[in-house]
1. In deg cm²/dmol, rounded to 500, what helix-only [θ] at 222 nm does the chain give when every DSSP H run of at least 4 residues adds -39500 (n - 2.57) and the total is split over its residues?
2. Return a whole-number percent for the relative contact order of the chain, with Cα pairs under 8 Å and 6 or more residues apart as the contact set.
3. Can you work out ³J(HN,Hα) from phi for every residue in the range 2-10, in order, using Karplus 6.51 cos²θ - 1.76 cosθ + 1.60 and θ = phi - 60°, giving whole Hz and x for Gly and Pro?
4. Would you work out if the range 112-240 is rounded, prolate or oblate? Take a ≥ b ≥ c from the square roots of the eigenvalues of the alpha-carbon gyration tensor; rounded if a/c is under 1.5, else prolate when a/b is larger than b/c, oblate otherwise.
5. Restricting to the chain, compute how many DSSP beta bridges are antiparallel as a %, nearest 5.
6. Shape verdict for the range 182-287, please, from the Cα gyration tensor: rounded (a/c under 1.5), prolate (a/b greater than b/c) or oblate.
7. On a 30 Å Cα-Cα criterion, which of the cross-link pairs LYS173/LYS265; LYS95/LYS265; LYS62/LYS95; LYS95/LYS191 come out too long?
8. Only four residue types carry charge here, +1 at the Cβ of Lys and Arg and -1 at the Cβ of Asp and Glu. Report the dipole size of the chain about the Cα centre in Debye, rounded to the nearest 20.
Amino acid sequence: MKIIQSFAQFDEGSYYTKNQKNRKDTTYLNFYSMLLSVLTLQKYYGKVTMYCNQKAHDSFIKYLPYHEIKIVENKNPFHYWSYYKVDIIKLQRAKFIHVDPDVFIFDDLFSKFMETEKFDVIIQDTIPKNLNPIRGEMREIRRYLESIGDIHYKYCDGRAFSNGVVGMTIDIKKKFVSMCEVLKNGFDTGKMNVNPDVVAMIAEELALYLVVMREDSNCYEILPYDEVLKDGSRETANKRKFTHMWGNTKFNPQYIEAMKLRIKKDFPDYTNLLGVYEKEVMSEVTM
């Protein structure tokens with residue numbers, strides 16, 4: 001089964017720093033989280049394929065030890081900052097797992113999905129209603145879907161998936177991509193009046209949730225929902241040896257140092273990549 005990652009570099013920089021005053025383009029700092037991410041994936045599953053646009057490749061991805069790098073240009077505007085993932089999922093022709101390049105696994109977390117036909121979908125976790133960042137938009141989303149005769153409106157219960165890890169069969173993939181396009185079209189045409197800051201999450205993470213609920217698909221959660229409700233997502237992730245560098249944490253100097261130390265400790269053969277990157281890239285951008 002194919003393990004894939006994706007990243008599109010925007011001219012506007014990172015979505016996670018867009019509201020910061022006097023912000024700098026921190027794209028080059030993605031190198032550290034991506035390096036640790038791909039190394040942990042390769043430890044358990046071997047080959048990993050990266051899909052990226054040419055700008056991202058030339059900026060820093062060319063320094064990373066992917067088995068394969070495929071260039072796919074990004075046609076999405078900045079407010080669809082995560083929709084490139086959907087574009088890449090659309091290209092897949094067999095069952096796959098997509099892992100965000102700021103996700104680290106420190107145990108074999110995917111085999112239950114990879115080695116059985118029991119599950120149709122794998123996700124990071126289900127976001128409870130009270131913690132869902134798009135919960136305030138749910139009534140409008142439901143209204144829009146009902147107005148166009150899309151039966152998925154019945155499954156707008158306030159929850160959504162967190163797709164730091166997401167994989168699926170090809171049958172579910174087709175339905176997922178179709179649902180993404182329905183939600184995206186609602187915003188693009190003005191028929192769905194939602195906050196532009198969350199439209200990317202609606203068009204990706206909610207889309208899969210609605211499809212899985214309607215299809216009654218067997219879904220494997222990396223972070224089980226009952227444990228998240230009981231202990232919270234952070235504690236559940238710690239117990240499962242799973243880390244997702246949320247938001248702009250991956251750009252924090254303290255965490256960057258921690259990632260570098262982990263790479264040096266767990267993957268000493270790749271320590272040289274840190275030196276090469278910092279000499280050829282970091283020395284230029286931090287001058």
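Only the coordinates and a few stated rules stand behind these numbers; no lab work does. Bear in mind that the values here come from a model prediction, so they are computed numbers and not experimental data. A quick note on method: Cβ atoms are made from the backbone with ideal geometry, for glycine too, and the neighbour counts reach across all protein chains shown.
1. Values: 11 runs with 106 residues, N = 287.
After summing the helix terms and dividing by residue count, I get -10500 deg cm²/dmol.
2. On the way: 417 pairs, mean separation 66.1, N = 287.
Result for the chain is 23 percent.
3. Running phi through 6.51 cos²θ - 1.76 cosθ + 1.60 with θ = phi - 60° gives 7, 9, 10, 9, 8, 7, 10, 8, 9 Hz.
4. Here the range 112-240 falls in the oblate category.
5. Numbers: 13 of 27 bridges.
So the antiparallel bridges amount to about 50 percent of the total.
6. Working: a/c = 2.82, a/b = 1.54, b/c = 1.83.
It comes out oblate by the Cα gyration axes.
7. Distance filter (> 30 Å) returns LYS173/LYS265; LYS95/LYS265; LYS95/LYS191.
8. 60 debye
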